[in-house]
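Have a look at the structure below before the remarks.
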Amino acid sequence: MLRLECKNVWKQFDDKRVLQGVNLTIEPGETVVIIGQSGTGKSVLLKHIVGLLSPDRGAVLVDNVNVAKLSRKKLFELRMRFGMVFQSAALFDSLTVAENVGLAIREHTEKTDEEIAQICDEKLRMVGLEGVSSKVPAELSGGMKKRVGFARAIAMNPECVLYDEPTTGLDPIMSDVINNLIVKLSSELKITSVVVTHDLASAYKVGHRIAMLHDGVVIFQGTPDEIRETDHPLVRQFIEGRAEGPIMMGSGQ
Amino acid sequence: MPTLRNTFRTVGRSIFNLLAVVGGTSLMLLGVIARLIELPRTSRQTFLQMQEIGLGSIPLVIITALFVGAVAAVQAAYQFQDYVPMIFLGTVVGKSVILELGPVLTALVVGGRVSASIAAELGTMKVTEQIDAMELLAIDPMRYLVMPRMVACVIMLPVLTIFADCLAIFGGMVVAKIAVGVSTSTFTEGLRMFFYVDDVISGLVKAATFGLIIGLMGCFNGFRTFGGAQGVGRATMQAVVSSCICILITNYFLASVLFRLIFYRGTT
């Protein structure tokens, strides 16, 4: 299990400051949900954790190792301990479901085709998908794509899984199926999880702890019960979904 | 003053962009060269790309080559009238096709198709986070996506060029017989008279270089795509334009160097 720590992380794109000193620690085996308005840098923060982006200032530490200072070889070794579920699923269009799920295993292990097929079937079964191995992503629904993304993320038995808006664009029932999956994977595999979402029902259900990002900083973190009871005006406006309040419309965009 | 400042800013930005493109493509090329040792690991992807680039381009190459050869024969015959014996028709068609028309026109038509397709595919992968996903699976996109495409282009362009050369000469021969009245034996005799293997080799060296340009421009523009569908469209257009321009400019320098080499070898 991995311990993740963001220490005073700053990131700017052109003239726009996205992260302005994020401090957040995620303990091994913990599920932390990051909430906040669109454009506040939640996905950007996730990309820093796996070294897809490097901070302008500050550091992201994974098991006390600074991700930005790693060589490409070491970074790839580290990434093999992670899985990530993308908002758009980001399945490889030209590959079948089985090839998508088994790609990392084929590339990084000496397993035979039969062994890989067996692992793919097992992972697809874990996410409630059977009989779709030979389909291509274009033949799948949004929810199925997300679940194939889940299966791909856990194919290499990662120690940490990052979820980027896993329930966005799904109907409430499918959202709950996805939430159950996150809880199941977290409890069964004992992995560290970071979930970025706008969906508060999902945040309350899957999170051990919830952190709210606003204007590039973490303004609140606590358990689901603590966030429900907080009187922090920005957090209250967000969780109550009110247009009126201290968060100005478009301030996060 | 503001107009002057804007002009300087525009010129400065254009120079900066040009340097960024030169730097980016050079780094990508060096990155692929450094990974060539891992080519056996991506042999399946390379073979698939060779099929896509080679077999997929054959209809385009057939039409282009046949008509280029035909036009070369008609134009040469028109210019030979009353001045040059028609036995040299085969010589001129053969030389112009093998040295210039075959490699350059094949590269331009195949380049349009292939660089656009590579840029669109990689650009779509970029904007839909598929390349990020690949990075996260600890799979190097340069090795898995870029190298197979570039190697396939470098291998397939010479193959397509030989095919195009043969078809163009055949097209020229048919037109010479039907439209100009030059017999097949006269045409082939002229063709054989000044046929040098060095000419074929120089045409293939050109073709391989053009293949490298096509693959590089497609991959580079695909990888720097941003901004959704509009960005993919822009990257595709830039890949086609930049590969065509680079092919034409490189052609001049290659022709200068290769002709000098052939001429030097011929005189010693």
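For the reader, a short list of remarks on this structure follows.
- Where strands (runs of 3 or more DSSP E) fall wholly inside segment A:6-95, the ranges with 2 or more residues that are under 23 Å from B:GLY123 (Cα atoms) and within 14 Å of the chain's Cα centre (by Cα) are A:82-85.
- Residue in segment B:175-187 that is touching a Leu at 6+ places or on another chain (Cβ under 8 Å), surrounded by 21 or more Cβ atoms within 10 Å (Cβ to Cβ) and of a type in the set (Ser, Thr, Tyr) present: no
- Qualifying positions in segment A:151-183 - of a type in the set (A, V, I, L, M, F, W, C) and away from chain B (no Cβ under 13 Å): A:LEU170, A:ILE173, A:MET174, A:VAL177, A:ILE178, A:LEU181, A:ILE182, A:VAL183
- Residue-level check: of (1) crowded, with 21+ Cβ neighbours inside 10 Å; (2) within 14 Å of chain B (Cβ to nearest Cβ); (3) of a type in the set (A, V, I, L, M), A:LEU95 misses just (1).
- Scanning segment B:107-143 for residues that are in a loop (DSSP other than H, G, I, E, B) and of a type in the set (Ser, Thr, Tyr) yields a single hit, B:THR128.
- Residue in segment A:204-228 that is least open to solvent (accessible area, probe 1.4 Å), counting only those that are of a type in the set (D, E, K, R) and in contact (Cβ under 8 Å) with a residue 60 or more places away in the chain: A:ARG209
- The residues of segment A:19-31 that are over 15 Å from A:ILE219 (Cβ atoms) and either surrounded by fewer than 22 Cβ atoms within 10 Å (Cβ to Cβ) or without any contact (Cβ under 8 Å) to a residue 12 or more places away in the chain (or both), listed by number, are A:THR25, A:GLU27, A:PRO28, A:GLY29, A:GLU30.
- Complete set of residues in segment A:60-87 that are open to solvent by 40 Å² or more (accessible area, probe 1.4 Å), within 14 Å of chain B (Cβ to nearest Cβ) and out of contact with any Asp or Glu (no Cβ under 6 Å at 6 or more places or on another chain): A:LEU70, A:SER71, A:ARG72, A:LYS73, A:LYS74, A:GLU77, A:MET80
- Any chance B:THR124 is hydroxyl-bearing (Ser, Thr, Tyr), without any contact (Cβ under 8 Å) to a residue 24 or more places away in the chain and buried (at least 18 other Cβ atoms within 10 Å of the Cβ): no
- Hey, A:ARG57 more than 25 Å from A:ASN23 (Cβ to Cβ) and open to solvent by 20 Å² or more (accessible area, probe 1.4 Å) or not: no
- Residues of segment A:197-222 that turn out to be under 18 Å from A:GLN20 (Cα atoms) and part of a strand (DSSP E or B), as a count: 9
- B:ASN221 satisfies every condition listed in (1) crowded, with 16+ Cβ neighbours inside 10 Å; (2) within 26 Å of B:GLY69 (Cα to Cα); (3) not basic (Lys, Arg) except (2).
- Residues being within 22 Å of A:ILE191 (Cα to Cα) and more than 13 Å from chain B (Cβ to nearest Cβ) - total across segment A:46-59: 0
- Search result, residues across segment B:92-121 that are surrounded by fewer than 24 Cβ atoms within 10 Å (Cβ to Cβ) and among the small types (Gly, Ala, Ser): B:SER96, B:GLY112, B:ALA116, B:SER117, B:ALA120
- Odd one out for B:SER202 among (1) closer than 25 Å to B:ALA168 by Cα; (2) polar (S, T, N, Q); (3) surrounded by fewer than 20 Cβ atoms within 10 Å (Cβ to Cβ): (3)
- Filter result for A:ALA243 (part of a helix (DSSP H, G or I) and modelled with pLDDT under 90): no
- The condition of being out of contact with any strand residue (DSSP E or B) (no Cβ under 6 Å at 6 or more places or on another chain), among the hydroxyl-bearing types (Ser, Thr, Tyr) and crowded, with 19+ Cβ neighbours inside 10 Å holds for only one of B:SER14, B:SER26, B:SER57, that being B:SER57.
- Conditions (1) touching a residue at least 40 places away in the same chain (Cβ under 8 Å); (2) not hydrophobic (A, V, I, L, M, F, W, C); (3) not in a helix (DSSP H, G or I): number failed by B:ARG41: (3)
- Filter result for the condition that a residue is of a type in the set (Gly, Ala, Ser) and within 14 Å of chain A (Cβ to nearest Cβ), over B:ALA72, B:ALA107, B:ALA120, B:ALA77: B:ALA120
- Entry remark, segment A:108-128: residues being surrounded by fewer than 18 Cβ atoms within 10 Å (Cβ to Cβ) and within 14 Å of chain B (Cβ to nearest Cβ) number 4 in total.
The values are calculated or read from the model by the stated rules, or taken from the named source; none is laboratory data. Quick caveat: nothing in here was measured; it's all calculated off a predicted structure. Methodologically, a virtual Cβ is constructed for each residue, glycine included, from the backbone with ideal geometry; neighbour enumeration extends over all protein chains shown. With ligands, DNA and RNA removed, areas are computed over all heavy atoms of the protein, side chains included. Shrake-Rupley method; radii C 1.70, N 1.55, O 1.52, S 1.80 Å.
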